[in-house]
Amino acid sequence: MRRPLVELTLAAVAVALGVFFAVNSVGEGDGAPVQLEAVTGVLAVSGLVLFRRGRPVALTLGLIPLAIYFAAPMGALPIALFSVALHRRGQVAVALAALHAVSVAVVYGLALGLTRVFYESVTFIVLLNVSLVAIGMLIRSHRQLVASWAERARQAEEGQRLRVEQARSAERERIAREMHDVLAHRISLLAVHAGALEVRRDASPEEQRAAGTIRQSAHDALEDLRTVIGMLRTPGEDRPQPTLGDVPALVEQSREAGAEVDLRFDGADGVPEQVGRSAYRIVQEALTNARKHAPGAPIEVTISRTAEPGLIVEVGNPLAASGSLIPGAGAGLTGLRERVQLVGGRLEHGPTPGGEFHLKAWLPCPA
């Protein structure tokens, strides 16, 4: 809306100036016929509207001879010079204004002689052109100043973003150091003690097997901790993540730890890596919760395809009367819900009327 209004305003100013010059010229009896003045005036204003922004220099060069010999186009020429000053370098606008002033002085001098009318006409035209060129150059410099401020603001925002990234990287390093200092030593001690228990001569086979599972789990926990620390320090690097095909091995680890787990698994053929990894993490968290809140209770794990293109993961276990003996953060199911939502799935969990805790997740998966 703003641009058409500006164009109409400038066109109206050009028409008003052209009518003013044409009336004076016709009134003094030295102008062209009215019809010819009208035609040249319409051509000048039309060119102004069409080429003022895109080709102001060519427009001005075309209007200079037209405005010298006819009165009506003289209204469009100052607006054209204003457009040159607005959209081109100041030297170009000054050169065109000077060219027009010299041309007017030469032609008017030859036609009128060095009379008072000559001096008044030339002075008026030169002052009008100089005023509009100065205004155009002022507006152009103001726009350039605003653009430079905007660029400085953008650079400042970019600098702030880089500082935030550096602070985030420093925080990652600090968290990685703290995790290593706090957890790595304790998990290493756990693995060492489990290994010592595993080779004890007076330990029963069941105790040795349980100690071996504890030692292997501690080793895996250390590997996971190193992976997390590596991700915190260099987020772009990562080791291969588990997929759906690793679920049987995960269930076997739980069985070796003494849990009674029944697995019904249709296989991992055709399951995308991201969906399979999400299913693996769901089973892992569900088994952890079952061992934590219902130790010794049988666990049923079912992974199957559905008629709706997707993968169903179900884990159920009887509820235990006693509470958990293992501390936890209480954020496991919340994290699973976020993971499922990221792949566009659904998650349901909670106690059933039959006295079981049931977790069911649907993950989208092409057939």
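The values are calculated or read from the model by the stated rules, or taken from the named source; none is laboratory data. Just so it is clear, the model here is predicted, and its values are computed rather than measured. No Cβ is skipped: glycine too gets one built from the backbone with ideal geometry, and neighbour counts run over all protein chains shown. Side chains are part of the model used for accessible areas, which takes the heavy atoms of the whole protein and leaves out ligands, DNA and RNA. Shrake-Rupley method; radii C 1.70, N 1.55, O 1.52, S 1.80 Å.
Here are the numbers:
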| read-out | value |
| --- | --- |
| Leading residue by the ranking (farthest from Ala221 (Cα to Cα)) among those in segment 241-258 that are in contact (Cβ under 8 Å) with a residue 40 or more places away in the chain and in a helix (DSSP H, G or I) | Leu244 |
| Residue tally, condition open to solvent by 50 Å² or more (accessible area, probe 1.4 Å) and part of a helix (DSSP H, G or I), over segment 67-88 | 1 |
| Criterion violated by Ala58 - all others in (1) modelled with pLDDT of 70 or more; (2) more than 45 Å from the chain's Cα centre (by Cα); (3) surrounded by fewer than 16 Cβ atoms within 10 Å (Cβ to Cβ); (4) among the small types (Gly, Ala, Ser) satisfied | (2) |
| Count of residues meeting criterion [under 21 Å from Glu338 (Cα atoms) and in a helix (DSSP H, G or I)] in segment 259-314 | 18 |
| Any hit, segment 131-140, residues being over 28 Å from Ala67 (Cα atoms) and open to solvent by 90 Å² or more (accessible area, probe 1.4 Å) | no |
| Residue tally, condition more than 23 Å from Glu207 (Cβ to Cβ) and hydrophobic (A, V, I, L, M, F, W, C), over segment 251-293 | 9 |
| Positions within segment 166-185 being within 16 Å of Glu223 (Cβ to Cβ) and modelled with pLDDT of 70 or more, in sequence order | Leu183 |
| Cβ pairs under 9 Å, 6+ apart, first in segment 89-100 and surrounded by fewer than 22 Cβ atoms within 10 Å (Cβ to Cβ), second of a type in the set (Asp, Glu) | none |
| Condition met for Gly296 (closer than 30 Å to Gln208 by Cα, open to solvent by 50 Å² or more (accessible area, probe 1.4 Å) and modelled with pLDDT under 80) | yes |
| Among residues of segment 332-362, those that are among the polar types (S, T, N, Q) and under 17 Å from Thr306 (Cα atoms), counted | 0 |
| Residue list for segment 121-149, restricted to those being under 32 Å from the mean Cα position of the chain (by Cα) and under 14 Å from Arg89 (Cβ atoms) | Arg140, Ser141, Arg143, Gln144 |
